[in-house]
Amino acid sequence: MKNNVAVFFGGRSVEHEISVISALQAIAAFDKEKYNVIPVYISKQGRWYTSPLLLDVKNYRDMKGLTQRCTEVMLRPEFGDYNLYKTTNGFFEKRHPVVATLHAVLPVLHGTNGEDGIFEGVLETIGIPYAGCNTLSSANGMDKITMKMILRESGIPVVDYVWFTDRQWFAQKESIIEKVEKELGYPVIVKPANLGSSVGIGKAADRQQLIERINYAEKFSQRIIVEHMIEKLKEINCSVLGNADENIASVCEEPVKTGDILSYEDKYMGGSKSAKGSGMQSSERRVPAQIPEEMSERIRNMSRDTFRVLSCHGVSRIDVMINEKDNQVYVNEINTIPGSLSFYLWEASGIKFPQLIDRLMELAFERKRRADMKTFSFDQNIFAMGGGTKGAKGTKG
């Protein structure tokens, strides 16, 4: 029997279009003898749709027109209900027609409201098997501040940084500037804490640029991070596949950037704003990276350590930085749902895209089996045993 797998993509994110590209690549890689794939597109307004029309990238040139020709669907937030329903008047009712009964979900949602644990929480509420990181590891991996705190506590090197909220910035601007200048100096890199694809990121070489870059970054996020900038920098990426206890690392890649930092255009349009992007595999890169084998192995091990301490699952990509002045290596960030699912790195490592999809599905079902063996509640009803608010007072602590 084939497994019905829903691939969710799009979403309320500035990385919406990249998610569409990644998802269509993944859907094409599924073995159709093993899986029935149901595409579920989440619009920029947050509505869910399914239709074979979603499989043609050209149809996304008119997103409004596309969704008008699709079937709007929903999942009920009820544990054990794996049905994908057709919506009727926007109400959650069991009499809604069932579009498909799902066996698993593959989220291919990049950025906020999808890669940050929010969507994963919905799936965990329902209890359906799904591929990729869980709510906790997704949230920790998405937030650059939290991620760096965990990595530093675990002995994994990260560059020095200062972080603050947008409200702190407007209320304490001078003190924040002084802290950045005292603890980091110039140049620095300013980033929104919870975005990917290099959105909102900028270099600051002096105080005026710092103010401009922070004012820009806060438009995208409530939390801002400013990092020491490595000037003689080599960026290397490595993907990890598996779970926190058992995983493997891919070959390393060296993305080619056109400026001081790897831009959105570098990642998805081959360095050109006018070039037609086709996901992460379209960007310029050297695979494998032209670095000594000892350095490659060091980065692979560091990537696996990062994957482990963040309790990751499925496939992730870890981006590291080499300071060529002293060959020190630092973890820059982790992408818990990487662009194109990093299939190009796994193909270079001897694992074809369909095999990668198979492994992600195996991991999803395996995690579900292990989770079902844990105890989440007790059969006893303390109210039926005479318990009440008076008797229970103070017992929780």
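The values are calculated or read from the model by the stated rules, or taken from the named source; none is laboratory data. Predicted, not measured: the structure shown is a model, and the values here were computed from it. For neighbour counting, all protein chains shown are included, and Cβ atoms are generated from backbone atoms with ideal geometry for every residue, glycine included. Accessible surface is based on the protein model in full, side chains and every heavy atom, while ligands, DNA and RNA are left aside. Shrake-Rupley method; radii C 1.70, N 1.55, O 1.52, S 1.80 Å.
Just a few scattered comments:
- Peptides 208-218, 15-25 ordered by average Cβ neighbours within 10 Å, highest first: 15-25, 208-218
- Nearest 10 degrees, 0 to 90: helix 16-29 Cα axis against the chain principal axis: 60 degrees
- Between 0 and 90°, nearest 10: helix 144-153 axis offset from the chain longest Cα axis: 80 degrees
- Computed over the Cα atoms of segment 35-161, pair by distinct pair, the Kirkwood hydrodynamic radius stands at 16.5 angstrom.
- Dipole magnitude of the chain, debye to nearest 20 (Cβ charges: Lys/Arg +1, Asp/Glu -1, about Cα centre): 1180 debye
- Rg to Rh, two decimals, where segment 96-253 supplies the alpha carbon set and Rh follows Kirkwood: 1.05
- Rg/Rg_ref, segment 1-43, where Rg_ref = 2.2 N^0.38 Å and atoms are Cα: 1.22
- Gaussian network model of the chain, springs between alpha carbon atoms under 10 Å - residue of Ser51, Ser377, Ser342 with greatest fluctuation: Ser377
- Rel. contact order, % - alpha carbon contacts under 8 angstrom, at least six apart, segment 1-100: 21 percent
- Between the helical axis of 353-372 and the longest alpha-carbon principal axis of the chain there is an angle of about 60 degrees.
- Computed [θ] at 222 nm, helices only, for the chain once each DSSP H run of length n ≥ 4 contributes -39500 (n - 2.57): -9000 deg cm²/dmol
- Ranking Tyr35, Gly80, Cys70 by Cα position along the charge dipole of segment 1-127, where only Lys, Arg, Asp and Glu carry charges on their C-beta atoms, puts Cys70 farthest toward the positive end.
- Positive-end ranking of Leu210, Ile236, Val226 along the dipole of segment 160-239, with charges on Cβ about the Cα centre, is headed by Ile236.
- Accessible heavy-atom area order of Thr87, Thr101, Thr336, highest first, probe of 1.4 Å: Thr101, Thr87, Thr336
- The chymotrypsin sites (Phe, Trp or Tyr not before Pro) of segment 1-100 that meet both conditions, a loop assignment by DSSP and at most 16 other Cβ atoms within 10 Å of the site Cβ, are Phe79, Phe92.
- Solvent-accessible area assigned to carbon and sulfur over the chain amounts to 49 percent, based on a 1.4 Å probe.
- When the chain is treated as a GNM with alpha-carbon contacts under 10 Å, the residue of Gln45, Gln222, Gln355 showing the greatest mean-square fluctuation is Gln45.
- Evaluated at q = 0.24 Å⁻¹, the base-10 log of the normalised Debye intensity for segment 289-331, with identical point scatterers placed on the Cα atoms, takes the values -0.86.
- Choice from Val329, Val251, Val57 showing the highest fluctuation, given a GNM over the chain with Cα pairs closer than 10 Å: Val57
- The share of C-alpha pairs in segment 217-259 whose separation exceeds 12 Å stands at 76 percent.
- In Å², nearest 10: area of Thr165 left accessible to a 1.4 Å probe: 40 Å²
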